[in-house]
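As structure tokens, the structure follows; a few thoughts come after it.
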Amino acid sequence: MNIGIIGSGHLGKALIAGLIKSGVAQEQIILNARTIETMEAVKRVYPHINATVSKKELVAVSDIIVIVVRAQNAGDVLTELSEMDLSGKTLVSFMAGVTLSDMRKMLHDKCGEYRLIRMMPNVAISFCRGVIGISCDNDLSGSDDVISLFRRLGYIISLPEEKLESITICAASGLAFAAYLMKAYRDSCDRLINDAAVSDEITTRVFENAIETVRSEDSTFEKLIEQISTKGGTTEAGISVLRDSSLNEILNQCLDAAYARVKGLKGD
Ligand SMILES: NC(=O)c1ccc[n+]([C@@H]2O[C@H](COP(=O)([O-])OP(=O)(O)OC[C@H]3O[C@@H](n4cnc5c(N)ncnc54)[C@H](OP(=O)(O)O)[C@@H]3O)[C@@H](O)[C@H]2O)c1
């Protein structure tokens, strides 16, 4: 199975890394970028992938075509693809804010019978531990080959398209939100520790420890908090400050602002 990738920015590169890590041969990947320089930069890391500035060449040899450009470039890419025979191909869009119906409108009937799937991954697909939301306007049951390829890149959630942008916010943008929270915790620790490297290490380990504990059998976020918050002890004193704060309200505002922004993206 050959995989064509249109766009090699942050997510396009994460996809290439994840596919190769998951066992796809470099030779099975065909990359399309706007400039030779961009493609050469990727080929310095993966010398055996194929690269072309021609989308026609990419389409001709690819079974799956993944579109990884920004919403504002969707029109250009889809207009170009609409002139080609896409019969038997699967088009996968990673674009936030560009709906299946937007894409169907931009692709013409003369493209033939193609499958169209929207996926919303986060960049953790680069090390095969991503979160990927999937929506399709057809029955996904004929797409087992495609789904099993992407399943190798992380945790897959199939959901109605109107819910897909929630994955954009909670999982894709969520990685940056999580990093921001960890950074804030690191900065607070450093007020007590006064050694940036040690504060970094403690922060990443404490978050890892919390994740591993919660993932262990019979544990939950709530149970872990309760387990450590001894009555009248240090943890309880700190937790009560968090409980009385507007932290949840601030997080709601953060996710709402991001959600409003994704709803404003347009692909035409
Ligand atoms: N980054 C994430 O974590 C993330 C997560 C989920 C979904 N997404 C979605 O994935 C898409 C890409 O995001 P990104 O962060 O990778 O953006 P990015 O870093 O800006 O990369 C976009 C790439 O698309 C290329 N491009 C633009 N027009 C093109 C065309 N006509 N033909 C070929 N390549 C073209 C750009 O090339 P140039 O270098 O020449 O400009 C650039 O390399 C967006 O729609 C975004 O919503 C991103």
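The values are calculated or read from the model by the stated rules, or taken from the named source; none is laboratory data. Nothing here was measured: the structure is a model prediction, and the numbers come from that model. Here Cβ is always computed from backbone atoms with ideal geometry, including for glycine, and neighbour counts include all displayed protein chains.
Key figures
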| quantity | calculated |
| --- | --- |
| Condition check for LEU58: free of Cβ contacts under 8 Å to residues at least 40 places away in the same chain, over 18 Å from ALA124 (Cβ atoms), near the ligand (Cβ under 10 Å from one of its atoms) and crowded, with 22+ Cβ neighbours inside 10 Å | no |
| Residue ID - surrounded by the fewest Cβ atoms within 10 Å (Cβ to Cβ), chosen from residues in the range 200-214 that are of a type in the set (A, V, I, L, M, F, W, C) and out of contact with any Lys or Arg (no Cβ under 9 Å at 6 or more places or on another chain) | ILE211 |
| Only listed residue being of a type outside the set (Asp, Glu) and either modelled with pLDDT under 95 or within 15 Å of the ligand (Cβ to nearest atom) (or both), chosen from ASN73, ASN2 | ASN73 |
| Scope the range 18-50; condition among the polar types (S, T, N, Q) and out of contact with any Lys or Arg (no Cβ under 6 Å at 6 or more places or on another chain); matching residues | GLN26, GLN28, THR35, THR38, ASN50 |
| Unique residue being at pLDDT 95 or above and closer than 24 Å to GLY12 by Cα when the list is ALA197, ALA178 | ALA178 |
| Strands (runs of 3 or more DSSP E) wholly inside the range 76-184 containing at least 3 residues that are within 11 Å of the ligand (Cβ to nearest atom) and either hydrophobic (A, V, I, L, M, F, W, C) or touching a Gly at 6+ places or on another chain (Cβ under 7 Å) (or both) | 115-121, 130-136 |
| Lone qualifier among ILE125, ILE132 - being aliphatic (A, V, I, L, M), buried (at least 18 other Cβ atoms within 10 Å of the Cβ), free of Cβ contacts under 8 Å to residues at least 60 places away in the same chain and assigned by TED's automatic domain parsing to the domain that holds GLY18 | ILE132 |
| Test set (1) under 30 Å from GLU83 (Cα atoms); (2) within 11 Å of the chain's Cα centre (by Cα); (3) not assigned by TED's automatic domain parsing to the domain that holds VAL66 - LEU164 fails condition number | (2) |
| Considering residues of the range 17-35 that are among the hydrophobic types (A, V, I, L, M, F, W, C) and out of contact with any Ser or Thr (no Cβ under 7 Å at 6 or more places or on another chain) only, the residue farthest from the ligand (Cβ to nearest atom) | ALA25 |
